[in-house]
Amino acid sequence: MKNLLCKLPSPFLFLTLILLLVTRFSSAEESWSLEKSKNGIDIYVRSVEGSPIKEFKGVMTLPSTLSAVVALLDDSEAAPKWIYNCQSMDLLKSDGLKKWSYIVNKLPWPATDRDAIVLSIMRQNPATLQVSIALTAEPELQPEKKGLVRIPEMNAAWVLTPKAGGEVQVTYQAHVNPGGQLPTWLINSLLVDTPFSSLSAMRELVLTEHYQKQQRDDVVEPQA
């Protein structure tokens, strides 16, 4: 396959790669299993090739602006109020639509608390106005701290899709390797409660006046 792709003219190579990616994405989407549907929140789980840890996806729809949701996601001080097991979140640095945050997650005894350095990159599709925030772990950006286990891998995303009638569909998707000696069965057992609790608390906060009145220069709202 590699030799064949190399021989293709560049336009055909581009189209072939796009087709392969779409096919792979479509087949992966078919593997989602709905594990919980309650209070307007749907939680899905699927296996990830090459990993014993599964991936989750939570979906809900809110009567909200895009700016309100982005403002909450950008509010480091508010993170412990709604992100499941989050003890603290501190902004390390920012560069335009990129930012690096240091997060500490509190775990029940006897598990060791986790910390993570997370790079988030926000983009907005100029045609659909869909906002996506990609999250990846950068564990080597700072030295590890005593008494905490550094999360080595994270591939996650927030996707905010504007809908008719002034609503926003919020999708939270993540595959995380928490590191350390946590048993796989325990990690996978938390993949429903984690997004469900976070999305439930997020909804309560984002619908408050404080966030709904936010107007952001980096977010284009759909026209009424």
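The values are calculated or read from the model by the stated rules, or taken from the named source; none is laboratory data. In this text, all values refer to a predicted model and were calculated from it rather than measured experimentally. Methodologically, a virtual Cβ is constructed for each residue, glycine included, from the backbone with ideal geometry; neighbour enumeration extends over all protein chains shown. Surface areas here come from the heavy atoms of the whole protein model, side chains and all, with no ligands, DNA or RNA. Shrake-Rupley method; radii C 1.70, N 1.55, O 1.52, S 1.80 Å.
See the values below:
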{"item": "Single condition S67 does not satisfy, out of (1) open to solvent by less than 40 Å² (accessible area, probe 1.4 Å); (2) at pLDDT below 95; (3) in contact with a Lys or Arg (Cβ under 9 Å, 6 or more places away or on another chain)", "result": "(2)"}
{"item": "Residues that are β-branched (V, I, T) and not in a strand (DSSP E or B), drawn from segment 89-114", "result": "T112"}
{"item": "Residue match in segment 140-156 (condition: charged (D, E, K, R) and surrounded by 16 or more Cβ atoms within 10 Å (Cβ to Cβ))", "result": "yes"}
{"item": "Filter result for the condition that a residue is without any contact (Cβ under 8 Å) to a residue 60 or more places away in the chain, over 24 Å from P80 (Cβ atoms), open to solvent by less than 60 Å² (accessible area, probe 1.4 Å) and not aliphatic (A, V, I, L, M), over T208, T136, T128, T161", "result": "T161"}
{"item": "Out of V104, V118, V69, sole residue that is hydrophobic (A, V, I, L, M, F, W, C) and more than 14 Å from the chain's Cα centre (by Cα)", "result": "V104"}
{"item": "Residue match in segment 213-222 (condition: hydrophobic (A, V, I, L, M, F, W, C), open to solvent by 70 Å² or more (accessible area, probe 1.4 Å) and at pLDDT 95 or above)", "result": "yes"}
